[in-house]
1. Test residue 208 against the criterion of being under 20 Å from the mean Cα position of the chain (by Cα) and closer than 11 Å to residue 175 by Cα, and give yes or no.
2. Give the residue that is surrounded by the most Cβ atoms within 10 Å (Cβ to Cβ), with candidates limited to residues of the stretch 96-105 that are touching a residue at least 60 places away in the same chain (Cβ under 8 Å) and within 22 Å of residue 45 (Cβ to Cβ).
3. Quick check: anything in the stretch 171-182 in a helix (DSSP H, G or I), out of contact with any helix residue (DSSP H, G or I) (no Cβ under 6 Å at 6 or more places or on another chain) and at pLDDT below 95?
4. Taking the stretch 138-177, which residues are touching a residue at least 24 places away in the same chain (Cβ under 8 Å) and over 18 Å from residue 210 (Cα atoms)?
5. What's the number of the only condition in (1) touching a residue at least 12 places away in the same chain (Cβ under 8 Å); (2) under 15 Å from residue 113 (Cβ atoms); (3) surrounded by 14 or more Cβ atoms within 10 Å (Cβ to Cβ) that residue 70 fails to meet?
6. Please work out if residue 145 is surrounded by fewer than 16 Cβ atoms within 10 Å (Cβ to Cβ) and either in a helix (DSSP H, G or I) or in the same structural domain as residue 246 (by TED's automatic domain parsing) (or both).
7. What helices (runs of 4 or more DSSP H), lying completely within the stretch 187-286, carry at least 2 residues that are closer than 30 Å to residue 61 by Cβ and in contact (Cβ under 8 Å) with a residue 40 or more places away in the chain?
């Protein structure tokens with residue numbers, strides 16, 4: 001999900017405003033009722049289900065749930081001076097991170113929170129950098145799915161795995177101004193056994209995905225069969241995407257390679273472990 005800078009600042013200020021701090025042990029924590037509102041959940045009954053999923057994720061990771069999720073009871077005024085008990089949770093940053101990971105990422109608040117709680121610091125530039133990295137991971141996953149769909153789709157239409165590789169390489173050649181997959185790998189210094197897409201910038205990944213989705217659509221709609229016709233279709237779609245980029249002054253083959261996505265994924269996983277270890281709830285309730 002793309003965020004304008006002004007929207008990032010607005011969301012950051014929203015989440016900053018609900019931080020609580022236990023001064024004695026210098027522990028930051030959040031209340032689930034506050035987080036519910038900032039994440040765009042209207043009903044507590046729906047939000048508690050997301051909390052439960054997050055707790056299960058914590059347990060699956062073999063991390064002590066009580067260190068990060070603590071159920072508490074608050075007394076709230078309901079009118080006429082009457083008070084009643086209200087369920088709530090104290091949450092560490094790691095707990096909030098897991099809640100965001102288990103939430104509906106179509107909500108911009110959830111998408112932002114996945115990054116906000118993942119980084120060790122809440123500096124604006126760190127958050128922006130992290131979001132750019134996560135957008136690239138998301139784009140790569142979409143491309144994987146569309147290529148998987150295309151491979152299955154054309155296999156049923158008389159094209160085997162080697163044929164699919166040829167089709168994809170000729171599509172790359174159309175997109176990259178005559179450079180096929182192996183030539184682009186050589187240009188980027190990518191090993192032969194690694195996917196080129198793991199080293200492409202987000203824009204190029206999105207371009208490849210658009211061309212592949214167009215091929216998927218037309219192969220079905222036009223009921224294409226055989227490698228020759230499907231290759232022609234895929235080449236035409238990649239040329240169309242290339243022409244669109246060229247009109248905006250962008251040549252995909254001239255864009256700089258991006259960080260190896262495998263390294264990025266390992267870093268993301270490593271950071272999540274650091275989040276879990278960096279902040280635990282105090283032994284006793286505040």
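1. Taking the combined requirement at face value, the residue satisfies it.
2. Residues of the stretch 96-105 touching a residue at least 60 places away in the same chain (Cβ under 8 Å): 96-97, 99-100, 103, 105.
Next cut, within 22 Å of residue 45 (Cβ to Cβ) only: 96, 99-100, 103, 105.
On the way: 96: 27, 99: 29, 100: 24, 103: 22, 105: 14.
Only one residue fits best here, namely 99.
3. yes
4. 157, 158, 159, 163, 166
5. With (1) touching a residue at least 12 places away in the same chain (Cβ under 8 Å); (2) under 15 Å from residue 113 (Cβ atoms); (3) surrounded by 14 or more Cβ atoms within 10 Å (Cβ to Cβ) applied to residue 70, the lone miss is (2).
6. Details: surrounded by fewer than 16 Cβ atoms within 10 Å (Cβ to Cβ): yes; either in a helix (DSSP H, G or I) or in the same structural domain as residue 246 (by TED's automatic domain parsing) (or both): yes.
Yes; evaluated as a whole, the condition is true for this residue.
7. Those helices (runs of 4 or more DSSP H) span 202-221, 261-278.
Rundown of residues vs (1) modelled with pLDDT of 95 or more; (2) crowded, with 16+ Cβ neighbours inside 10 Å; (3) farther than 28 Å from residue 131 by Cβ, yes/no style:
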{"residue": "207", "(1), (2), (3)": "yes, yes, no"}
{"residue": "215", "(1), (2), (3)": "yes, yes, yes"}
{"residue": "258", "(1), (2), (3)": "no, yes, no"}
{"residue": "264", "(1), (2), (3)": "no, yes, no"}
{"residue": "267", "(1), (2), (3)": "no, no, no"}
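The values are calculated or read from the model by the stated rules, or taken from the named source; none is laboratory data. Values in this document were obtained by computation on a predicted structure and should not be read as measured data. Cβ: placed from backbone, ideal geometry, glycine included. Neighbour counts: every protein chain shown.
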